[in-house]
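Novice: Got a structure for you, questions after.
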């Protein structure tokens, strides 16, 4: 059974603003390439959610580095993959705790 991927409200907002940023500051091509990498990462998470390490800071939260600037943090169950946030790796890691509380 394939797990359903669900993005939290915060993850959706982060993704939307990231895609706008990539297109405005870089190019449509860069945005498209990021979407491809994200899609590939989410498919890998869907197949093997345990293949990515658990966060050292927050128990039960796993992390998948999509690019050197972007990491997806998620939790999973038998039926779902819940993407908690899409984190900008250039930010202060302490801000991650605020982003993962929902």
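Novice: List 62, 3 from most exposed to least, where exposure is judged by having the fewest other Cβ atoms within 10 Å.
Specialist: The most exposed by this proxy come first: 3, 62.
Novice: I would also like to ask the following. 222 nm [θ] for the chain, helices only, -39500 (n - 2.57) per DSSP H run of 4+, per residue, to 500? Show your work: numbers first, answer last.
Specialist: Working: 3 runs with 38 residues, N = 102.
The helix-only estimate for the chain comes to -11500 deg cm²/dmol at 222 nm.
Novice: So for 66, 84, 20, fewest C-beta neighbours within 10 Å to most, what's the order? Walk me through the intermediate numbers first.
Specialist: On the way: 66 19, 84 23, 20 11.
Fewest-to-most ranking of 66, 84, 20: 20, 66, 84.
Novice: Under a point spin-label approximation (7 Å from Cα along Cα-to-Cβ), what is the residue 69-residue 24 distance to one decimal in nm?
Specialist: 1.4
Novice: Let me ask something else. Fully extended, how many nm does the chain gain between residue 57 and residue 32 (0.36 nm per residue separation, minus their Cα-Cα distance)? Show your work: numbers first, answer last.
Specialist: Working: separation 25, 0.36 × 25 = 9.00 nm, distance 3.13 nm.
Full extension from residue 57 to residue 32 adds 5.9 nm.
Throughout, read-outs are computed from the coordinates displayed, never taken from laboratory work. Just so it is clear, the model here is predicted, and its values are computed rather than measured. Ideal geometry is used to build each Cβ from the backbone, glycine not excepted, and the neighbour counts take in all protein chains shown.
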